[in-house]
Amino acid sequence: MSLIDVTLLVVAGLAAGMVNAIAGGGSLLTFPALIATGLPAVAANVTNSLSVTPGYWSSVWGSRAELAGQAKRARWLVPLALVGGVGGCVLLLLTPPSVFEVVTPFLVLSATAVLGFQTKLQGLIGHPADLSPLRRRATLTVLTLLGAAYGGYFGAALGVVLVAVLALVLDETLQRVNALKNVLSATVGAVTVAVYAIFGPVSWLGVAVVAPATVAGGYLGARVARRLSARTLRWTIVVFGTVVGLILLYRAIWS
């Protein structure tokens, strides 16, 4: 790996860590960077999954103030994220890449649309405060499992997916939802580390370069997210999610 390759990966890792903490979609920066260093697509994908995970963990630490009072909720959702993440990893290892390339763009764009039109959707299904505990718990269980499975499968825009589903059901500020998203992203990331480190074609040199950069970027990004208004944070996530989804759709159609 040349000095230019190392510099590219460090810059991409810093930016991805910040983007993942604020909105999600940072993998769209690190994945192409790993490809640019000469890694095959599958190796770049699993290497990227391992590399961005420490950034998720530092995001949790950076947003710990917004996690206050959410310990019970986190203890309930984390096991769901573990199960969903394992399922997603297994799908990636067993299914052809062409399936993922077709489905993923629509998942990202759908999740972004859910967040962008959150108020109108809440008008249809009911505001989170008006949902019965049973309905809220059942809906959140299913959506968390699906979101975590998506994260184990690919991971790009995982933050967008998780924020979208959490904000639709939870009666919380977007900053607190974003902090909980960081916990679930870190959980899914831990699963990908465990699975892909054993079964995936990981470039450990790539991980060694990118991972520390995502840690620094993730901590900084979490602190930036704390200072943004709910409206600014929501539309930042919507913009990132739309860009990620359209780029993935372009690749699926014309690659």
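Listed values, structure above:
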| quantity | calculated |
| --- | --- |
| Out of GLY147, GLY126, GLY152, sole residue that is modelled with pLDDT of 80 or more and either touching a Cys at 6+ places or on another chain (Cβ under 6 Å) or at positive phi (or both) | GLY152 |
| Only one of THR37, THR53, THR47 that is of a type outside the set (A, V, I, L, M, F, W, C) and within 21 Å of GLY147 (Cβ to Cβ) | THR53 |
| Yes/no for GLY155 being within 18 Å of ALA21 (Cα to Cα), outside any helix (DSSP H, G or I) and touching a Gly at 6+ places or on another chain (Cβ under 9 Å) | yes |
| Condition check for VAL160: at pLDDT below 85, in contact with a helix residue (DSSP H, G or I) (Cβ under 9 Å, 6 or more places away or on another chain) and open to solvent by 10 Å² or more (accessible area, probe 1.4 Å) | no |
| In the range 186-243, residue most open to solvent (accessible area, probe 1.4 Å) [restricted to those that are outside any helix (DSSP H, G or I) and either in contact with a Leu (Cβ under 7 Å, 6 or more places away or on another chain) or without any contact (Cβ under 8 Å) to a residue 24 or more places away in the chain (or both)] | SER229 |
| Filter result (over 22 Å from ALA164 (Cα atoms) and at pLDDT below 80) within the range 197-253 | ARG251, ALA252 |
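The values are calculated or read from the model by the stated rules, or taken from the named source; none is laboratory data. Here the structure is a predicted model, which is why all the values come from computation and not from measurement. Please note: Cβ atoms are built from the backbone with ideal geometry, for glycine as well, and neighbour counts cover all protein chains shown. The accessibility values were calculated without ligands, DNA or RNA, using every heavy atom of the protein model including side chains. Shrake-Rupley method; radii C 1.70, N 1.55, O 1.52, S 1.80 Å.
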